[in-house]
1. Can you tell me what the convex hull of the Cα atoms of the range 118-220 projects to on average, as an area in nm²?
2. Can you give the charge dipole size of the range 118-220 about its Cα centre, rounded to the nearest 20 debye, using +1 on the beta carbon of Lys and Arg and -1 on the beta carbon of Asp and Glu?
3. Which pairs break 30 Å Cα to Cα here: 60/158; 87/158; 52/140; 73/176; 52/220; 87/220?
4. If I take all pairs of Cα atoms in the range 106-163, what percentage of them are more than 17 Å from each other?
5. Projected onto the charge dipole of the chain (+1 at Lys/Arg Cβ, -1 at Asp/Glu Cβ, origin at the Cα centre), which of 98, 45, 195 gives the Cα projection farthest towards the positive end?
6. Over 10 Å intervals from 0, what percent of Cα-Cα pairs in the range 68-183 sits in each interval?
7. Report, to the nearest whole %, how much of the accessible area of the range 118-220 belongs to carbon and sulfur atoms, 1.4 Å probe, protein only.
8. How large is the dipole of the range 146-201 about the Cα centre if only Lys and Arg carry +1 and Asp and Glu carry -1, each at its Cβ, rounded to the nearest 20 debye?
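The values are calculated or read from the model by the stated rules, or taken from the named source; none is laboratory data. Just so it is clear, the model here is predicted, and its values are computed rather than measured. Ideal geometry is used to build each Cβ from the backbone, glycine not excepted, and the neighbour counts take in all protein chains shown. Please note that ligands, DNA and RNA were not included when accessible areas were found on the heavy atoms of the full protein model with its side chains. Shrake-Rupley method; radii C 1.70, N 1.55, O 1.52, S 1.80 Å.
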Amino acid sequence: MSISMRRKSHALPLDSELDQAGEPFVAPPLPYEYDALAPVISADTLRVHHLKHHQGYADKLNELLATSDLRGKSLQEIIFATAGDPKQAKIFNNAAQIWNHSFYWQSMRPRGGGRPAGELADRIAADFGGFEAFVDAFKKVAVEQFGSGWAWLTLDGKALSLVGTGNADTPLAGKKLPLLTIDVWEHAYYLDYQNRRPDYATAWLQNVANWEFAAANLAKA
Ligand code: FE2
């Protein structure tokens, strides 16, 4: 399947601000200071996560592309072209992790949390039976994702849907439109919470979840 055919069948708006035109790919700057999410996520965690892990995926992708015919493609074109292809797993993993992390930084904000408003609030109430039920379900996906991965709020067709993905996998590679995500790789929380992933997920939803970002993504659908 060609890249253009994959893109036409995809739910993601092609003007996604998280796309990058081509190499060298980078970890874009965070939309806030490293200490802006403390104490929910410490400056030490954010700094290492951004400068070492996120930038590390970018460095590795740039290295892999040096010998690939995918050179010159945008980040999203690379993700769509390599998803599900075992021979391209290394390139997919690093490209998807660049995109996933950029999406995760936007999924948080200082003094976030609380409750969504407007259409997003109405859709959550309709599709999950209320905000409290949604929070419980979101935490369950985050906590029960085995090993490394992500928990996502997505738009699946006309309904909101919660999805857990393993390792680098991303709803971007499927037909679901990502609205919000929490990184549940240990590198996202271990310095602050050790093995207490449920505490991280609870604090994240209460204090840093960026509902305005999720609502803006829903509005683009
Ligand atoms: Fe991460």
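1. On the way: hull surface 24.8 nm².
Projected area, direction-averaged: 6.2 nm².
2. Details: 9 positive and 13 negative charges, 49 e Å.
The dipole of the range 118-220 has a size of about 240 debye.
3. Beyond 30 Å: 60/158; 87/158; 52/220; 87/220.
4. Working: 713 of 1653 pairs.
I get 43 percent for the Cα pairs in the range 106-163 exceeding 17 Å.
5. The one lying farthest along the dipole's positive direction is 98.
6. That works out to 13, 42, 31, 12, 2, in percent per bin.
7. Values: 2250 of 4360 Å².
Answer for the range 118-220: carbon and sulfur cover 52 percent of the accessible area.
8. Details: 5 positive and 6 negative charges, 55 e Å.
Roughly 260 debye, rounded to the nearest 20.
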